Amino acid sequence: MMLLFFIGCISFHSIGKLKDFSSQNERIHNAEQASLWASQSFGVRRADKQAFSAQVVGQLRVGNSVVISQMISVAKYSPHSSVRKQAFWALGELGRELDQGKDSQTIHSFLLWALSNNPYGIESQLIIEAMIKNYVDHPHSTQEDVETLKSLHSFLAQTANPPSTLF
């Protein structure tokens, strides 16, 4: 029993150490490692370690295609709400670092898709907050604005208690 606890602490410690870096290359490597760990199976406290790994990704704010696609996968397929919440938050943080382009559009498209699946509670709030972080900093066409607005209205029409960030 003590050995399992010790192994669990080492893993949390290893995840936390990824926040420390001495160069941009190390920061990128650590973000890619954290995004990978966010989707991995751990023997002990799996969801907690995955959620912590996703949180580290958001704190490192490395918005490259590898990290973004891994976090989208985590947010899309994780069976644990706590992991999905951290992945949505991380995607918002990554979106803050991006210039308008394919990666920011990939995040936005995914968040619109996630919102169309009628999330509830804090998950819906985190999705909308991530959309705001990613969308507001970039210029968009009128068509993109209309599509986004339609998605938000559709969500609002299907939700009894929408998150206050929607307004």
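Semi-axes of the equivalent ellipsoid for the chain, computed as √(5λ) from the eigenvalues of its C-alpha gyration tensor and ordered from largest down, come to 30, 19, 11 Å. Could you check how much of the accessible area of the chain is carbon and sulfur, as a whole percent, using a 1.4 Å probe? Here it works out to 56 percent.
Residues considered: Trp37, Trp113, Trp89. Largest GNM mean-square fluctuation over the chain, using C-alpha springs under 10 Å, is found at Trp113. Which FRET efficiency value, to the nearest 0.05, do you get for Arg96 and Phe21 by plugging their Cβ-Cβ distance into 1/(1 + (r/R0)^6) with R0 = 25 Å? My answer for the efficiency is 0.85. Here the Karplus relation 6.51 cos²θ - 1.76 cosθ + 1.60, evaluated at θ = phi - 60°, turns the backbone of the range 24-30 into coupling constants of 5, 4, 5, 4, 4, 4, 5 Hz, with x for every Gly and Pro.
Using the Cβ of Glu93 as centre and a radius below 11 Å, the other residues enclosed give a net charge of +1, where K and R count +1 and D and E count -1.
Would you work out which of Leu152, Gly121, Ala38 lies farthest towards the positive end of the dipole of the chain, given +1 charges on the beta-carbon of Lys and Arg and -1 on that of Asp and Glu, about the Cα centre? Of the listed residues, the answer is Ala38.
For the chain, the dipole from Cβ point charges (+1 on Lys and Arg, -1 on Asp and Glu) about the Cα centre works out to 560 debye, to the nearest 20. Accessible surface calculations at 1.4 Å, restricted to protein heavy atoms, place the chain at 54 Å² per residue. Taking the chain as a Gaussian network of alpha-carbon nodes connected by springs under 10 Å, the highest mean-square fluctuation of the residues Val83, Val67, Val44 belongs to Val44. Listed by chain and number, the aspartates and glutamates placed with their C-alpha closer than 20 angstrom to that of Lys150 are Glu123, Glu129, Asp137; residues fewer than eight positions away on the same chain are left out.
The values are calculated or read from the model by the stated rules, or taken from the named source; none is laboratory data. Given the structure is predicted, the values throughout are model-derived calculations rather than measurements. Please note: Cβ atoms are built from the backbone with ideal geometry, for glycine as well, and neighbour counts cover all protein chains shown. Calculation scope for accessible area: heavy atoms of the full protein, side chains included, ligands and nucleic acids excluded. Shrake-Rupley method; radii C 1.70, N 1.55, O 1.52, S 1.80 Å.
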